[in-house]
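Trainee: Shown below is the structure under consideration.
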Amino acid sequence: MTDASVITLISLGVTALFMLGVPVFLVIAAWVVGCSAVLGLTLDNMGAELLNVFNKGFALLAMPLFILTGDLINKSGIARRLSDFAYACLGWLRGGLAMASLGACGLFAAISGSNSATTATIGSMLHPEMVKGGYDERFSAATAAAGGTVGIIIPPSIIFIVYGFLLNLPISDLFVAGILPGALMVIGMQLACWIVCQLNGWGHLIQFQFNRALKTAFGAWLGFFAIGLVLWGIYTGKFSPTEAAGVTVGFCIIAGLVSWGVNKIAGLDMTKSWEEKSYPEMLVVEGFTLKDIPGITMRSAQITGVLAPLIAISVVMQQILSLLGAQVFITDFLTGLGGYYPVLFAAMAIVFISGMVLESLPVTIILAPILAPVAAGIGVDPIHFSVIFLVGASIGFITPPYGLNLYVASGVTGVAYFRLLKYTVPYLIALISVWIVVALVPEISLTMLPAR
Amino acid sequence: MSLFSELLVIIKSVLAQDPWALKSALRSDASWLLGFFVAFGGGGAIAFLYKRLPVLDKYLERLFMVCSYLSIALIIFWGVIDRFVFSNQQPWSTTIPPLLFMIMAWFGATYNVRLRAHLSFSEFRSRMGRTGQFACLCLDNALWMGFAIIVIVTTFKAVVLSASNFQIVLGTDNVMQWWFLATAPLAFILMAARVIENFTEDYSNFRNDRPLLKQTVIGGDA
């Protein structure tokens, strides 16, 4: 039997393992070990790489820190304030609460950088209110899942960090390039949401009140400050993305501790809703104590403990794929198509199909180093292609069979995975439309970049 | 040389604390045998300890994870303050955090094995019968154990290589890299312990007609 046949058998075997529910990490690890044995490669390389991946650069450190930021803003009550503001602005429209939850996802994503954290936080916070507000529970869960996709496009973004780390691109440029496409994704999904709610008559309308919007905006000042801090630091070059993440973590810890202290000293009732609070009371959030910090950190560490090993093993898989000539094969296939648009759309199709069956991190680690040089070869700007690639990868979060956000939304809302699939279709159509627009109009990604 | 005599050479090199001799000794196939014994013996002993001392069961990995996570955040946050306010920067402030990240990642992976929180496509598994589910859980445990053995051996070799080359953490004068790297094989020995714990739990659940698959909770307890 030739090596190629054995490797095909190994690939089929690990696909069977995946379908049997074996963790994705082990599926990739089994493939790596199997292929190493066939190719006669020493496993020592894998062991060394599992240690060295984390040591290769400072940039990857932004990932755990932005995950921690997400948990800190959730626990401190800043995320709640941002969603109150989004509802005050959009509640007057049909489907306003659902649109507000998409807007809140966008705002949350602008401080955190994780899709699953965005879905979990906004889903657990707004799903009960959406169901109470007359929305179908399956649609509500699908909205949380879809909203989470912007978590990795609106900066800061964990996958942009990984992409920049792999391809040696400036992460700050990638972050800036993601701003407008991320905003477009939110608007596109809100439009789809509005149409669905109009057709089904879902949601209760509230009157738009300027005072309500103003008060909730005032109450969300800590969130806006954190967003401003991240964007200002990265955009002006004052900090690297990793430092921006560290500063945001520090800011959120200080904001949480000070808020809790102020609430305690002033005897403020932390259970009151924003309507019952005065403007000075809105200056602080619920906050947390020093004792809460290990618990919050533990939650983030657990998420990092899922994602970071997946990055490490995917890097090893990518190296073996290179040795197998996958890069050359895909490059030949794509360049054989000829022309700018056929190559671009074929690359997008590869990302989309891979996103359906694999988690987005492995998709990025395995495919980005293969597709990015091909795209550069036909004249696509590397930063523009990163946005095209990652918008496609983010859509993978809500495409079955393996849509991570669908699992997270199902977990936090209690709606079964297969029941919410149908309700993601309008969002999928909206996201794919935005994806095509982003691919065809490079200016959307590149216009905000500093002079290059 | 027979496998067992090669194993003796490795053990002698470990006891002699001679990284050069150990590096050569680890080239033999006996290193895999050693990895097997360490994973099952060490892992089994730790699993027993977890049963006797529930506080270790609950907090051992957590301690590593939380301490390394908060240290990363503190070092980077302070690095920015130090630069902007005091016009100063510690040279190790960008080299130690990645090593702490590595520690957090592998202890996190171990803890997630216990919680079964690693990402997976579990739709078909959840629809299987009890025997099928138990077989799948055994498959998971076998694969985790196999992987743990491979990583214990290969990362231990990398640690010995680092020690034998006197690799120092950049930006420091006397902090050795292997002090940090040595936590990786340790994390995988703890992983082996978690796999043994999971297997005994699955077997007990299977025998006693208790549910085999549970909803994973991020932020939950071991």
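Trainee: Would you mind classifying chain B by shape? Square roots of the alpha carbon gyration tensor eigenvalues, ordered a ≥ b ≥ c; an a/c under 1.5 is rounded, otherwise it is prolate if a/b is larger than b/c and oblate if not.
Mentor: It is oblate, given that a/c is not under 1.5 and a/b is not larger than b/c.
Trainee: Have a look at region B:28-67 and report residues whose accessible surface goes down by 10 Å² or more when the remaining protein chains are included, against the chain on its own, probe 1.4 Å, ligands and DNA/RNA excluded.
Mentor: B:32, B:62, B:65, B:66
Trainee: Name the residue farthest towards the positive end of the dipole of region A:18-114 from the options A:89, A:30, A:54, assuming +1 on Cβ of Lys and Arg, -1 on Cβ of Asp and Glu, about the Cα centre.
Mentor: Farthest along the dipole direction, towards plus: A:89.
Trainee: Percent relative contact order of chain A, based on C-alpha pairs within less than 8 angstrom and at least six residues apart?
Mentor: Averaging sequence separation for qualifying contacts and normalising by length gives 23 percent for chain A.
Trainee: If a/c stays under 1.5 just call it rounded; otherwise compare a/b with b/c (prolate if a/b is bigger, oblate if not). Do that for region A:191-292, with a ≥ b ≥ c from the square roots of the Cα gyration tensor eigenvalues.
Mentor: Working: a/c = 2.36, a/b = 1.25, b/c = 1.89.
Cα axes put region A:191-292 in the oblate bin.
Trainee: Something else now. What average number of partner chain Cβ atoms lie no more than 10 Å from the Cβ of the residues making up A:28-37?
Mentor: Partner-chain Cβ atoms within 10 Å, mean over residues of A:28-37: 2.
Trainee: Packing-wise, with mean Cβ within 10 Å as the measure, how do A:129-138, A:47-56 rank, highest first?
Mentor: Top of the packing list down: A:47-56, A:129-138.
Trainee: So what is the orientation-averaged projected area of region B:53-138, using the convex hull of its C-alpha atoms, in nm²?
Mentor: The directionally averaged projection comes out at 8.5 nm².
Trainee: Mind checking B:73-85 for the average number of partner chain beta-carbons within 10 Å of each residue's beta-carbon?
Mentor: Rounded to a whole number, the mean comes out at 6.
Trainee: Show me the three semi-axes of the equivalent ellipsoid for region A:364-452, from the C-alpha gyration tensor (sqrt of 5 times each eigenvalue), largest first, rounded to whole Å.
Mentor: 30, 14, 11
Trainee: Give me the percent relative contact order of region A:1-52, please, defined on Cα pairs under 8 angstrom at least 6 residues apart. Walk me through the intermediate numbers first.
Mentor: Numbers: 21 pairs, mean separation 19.0, N = 52.
Reported as a whole number, the value is 37 percent.
Trainee: Taking N as the number of residues in region A:337-407, what is its Cα Rg relative to 2.2 N^0.38 Å?
Mentor: 1.08
Trainee: Also: Tell me the relative contact order for region A:1-157 as a rounded percent, counting alpha carbon contacts under 8 Å between residues six or more apart.
Mentor: The value is 19 percent.
Trainee: Moving to a separate point now. Read phi for every residue in region A:137-149 and hand back ³J(HN,Hα) as whole Hz from Karplus 6.51 cos²θ - 1.76 cosθ + 1.60, θ = phi - 60°, with x for Gly and Pro.
Mentor: Ordered by residue, 3J(HN,Hα) equals 5, 5, 5, 4, 5, 5, 5, 4, 5, 5, x, x, 4 Hz.
Trainee: Counting every Cα pair in the protein assembly as shown, what percent are over 39 Å apart?
Mentor: 32 percent
Trainee: Just to be sure I understand the interface: list residues from region B:104-126 that lose 20 Å² or more of accessible area between the chain on its own and the complete protein assembly, 1.4 Å probe.
Mentor: In region B:104-126, residues shielded by partner chains: B:104, B:105, B:106, B:112, B:118, B:119, B:120, B:121, B:123, B:124, B:125.
Trainee: Moving on to the next point. If all Cα-Cα distances of region B:88-148 are sorted into 10 Å bins from 0 onward, what percent lands in each bin, rounded to whole numbers?
Mentor: Reading the bins upward from 0: 18, 35, 22, 14, 8, 4, 0.
Trainee: Please work out the Cα center distance from region B:54-80 to region B:86-144, rounded to the nearest Å.
Mentor: Between the Cα centre of region B:54-80 and that of region B:86-144, the gap is 16 Å.
Trainee: Find the Rg to Rh ratio for region A:282-435, where Rh is the Kirkwood radius over alpha-carbon pairs and Rg uses the same atoms.
Mentor: 1.07
Trainee: Leaving out ligands and nucleic acids, and using a 1.4 Å probe, what accessible area per residue does region B:10-167 come to in Å²? Before the final figure, lay out each step's value.
Mentor: On the way: 7020 Å² over 158 residues.
Accessible surface, normalised per residue, equals 44 Å².
Trainee: Show me the ranking of peptides A:73-83, A:325-335, A:253-263, A:116-126 by mean Cβ neighbours inside 10 Å, starting with the highest. Let's see the in-between values first.
Mentor: Numbers: A:73-83: 25.7, A:325-335: 14.4, A:253-263: 18.5, A:116-126: 27.3.
Going by the mean number of other Cβ atoms within 10 Å, highest first, we get A:116-126, A:73-83, A:253-263, A:325-335.
Trainee: Show the residues, 5+ positions off or on another chain, whose built amide H is closer than 5 Å to the amide H of residue B:168.
Mentor: B:177
Trainee: Also, I was wondering about something else. Please compute the Kirkwood hydrodynamic radius of region B:1-119 from all pairs of different C-alpha atoms, in Å with one decimal.
Mentor: About 17.7 Å for region B:1-119.
Trainee: Still on this model: Interface size between chain B and chain A, please: total buried accessible area, 1.4 Å probe, rounded to the nearest 100 Å².
Mentor: Summed over both sides, the interface buries about 5300 Å².
Trainee: Relative to the compact-globule scaling 2.2 N^0.38 Å, provide the ratio for the alpha-carbon radius of gyration of region B:115-187.
Mentor: Against the empirical 2.2 N^0.38 Å value, I get 1.69 for region B:115-187.
Trainee: Provide the per-residue ³J(HN,Hα) series for region A:107-120, in order, calculated from phi with Karplus coefficients 6.51, -1.76, 1.60 and θ = phi - 60°, each as a whole number of Hz, with x at glycine and proline positions.
Mentor: Working through the residues one at a time gives 5, 4, 5, 6, 10, 8, x, 10, 5, 6, 5, 5, 4, 5 Hz.
Trainee: Quantify, in whole percent, the carbon and sulfur part of the accessible surface of the protein assembly as shown (1.4 Å probe; protein heavy atoms only).
Mentor: Working: 17580 of 26000 Å².
Reported share for carbon and sulfur atoms: 68 percent.
Trainee: Just to check I understand the Karplus step: with θ = phi - 60° and J = 6.51 cos²θ - 1.76 cosθ + 1.60, what whole-Hz values come out for region B:158-170, glycine and proline as x?
Mentor: Along region B:158-170, the couplings run 5, 5, 5, 4, 5, 5, 5, 8, 6, 5, 9, 5, 4 Hz.
Trainee: Can you find, among B:199, A:364, A:170, the residue farthest towards the positive end of the dipole of the protein assembly as shown? Put +1 on the C-beta of Lys and Arg, -1 on that of Asp and Glu.
Mentor: B:199
Trainee: Just to confirm, what accessible area per residue do you get for region A:156-216 at 1.4 Å probe, in whole Å²? Walk me through the numbers before you get to the answer.
Mentor: Values: 2620 Å² over 61 residues.
Counting only protein heavy atoms, the per-residue value for region A:156-216 is 43 Å².
Trainee: Compactness ratio of region A:1-119: Cα Rg over 2.2 N^0.38 Å, N = residue count?
Mentor: My calculation over the Cα atoms of region A:1-119 gives 1.64.
Trainee: What is the packing order of peptides A:267-273, A:288-294, A:21-27, taking the mean over residues of other C-beta atoms within 10 Å and listing the highest first?
Mentor: Highest-to-lowest ranking by the protection proxy: A:21-27, A:288-294, A:267-273.
Trainee: Additional query: Over 28 Å between Cα atoms: which of A:75/A:264; B:12/B:51; A:75/A:132; A:132/A:272; A:132/A:291 fall into that group?
Mentor: Where the Cα-Cα span goes over 28 Å, the pairs concerned are B:12/B:51; A:132/A:291.
Trainee: One quarter of the convex hull surface, Cα atoms only: what value does that give for region A:104-256 in nm²?
Mentor: Projected area, direction-averaged: 9.9 nm².
The values are calculated or read from the model by the stated rules, or taken from the named source; none is laboratory data. What you see is a predicted model, and the numbers here were worked out from it, not measured in a lab. FYI the Cβ positions are ideal-geometry reconstructions off the backbone, even for glycines, and counts take in every protein chain you see. Side chains included, ligands, DNA and RNA excluded: accessible areas come from the protein's heavy atoms. Shrake-Rupley method; radii C 1.70, N 1.55, O 1.52, S 1.80 Å.
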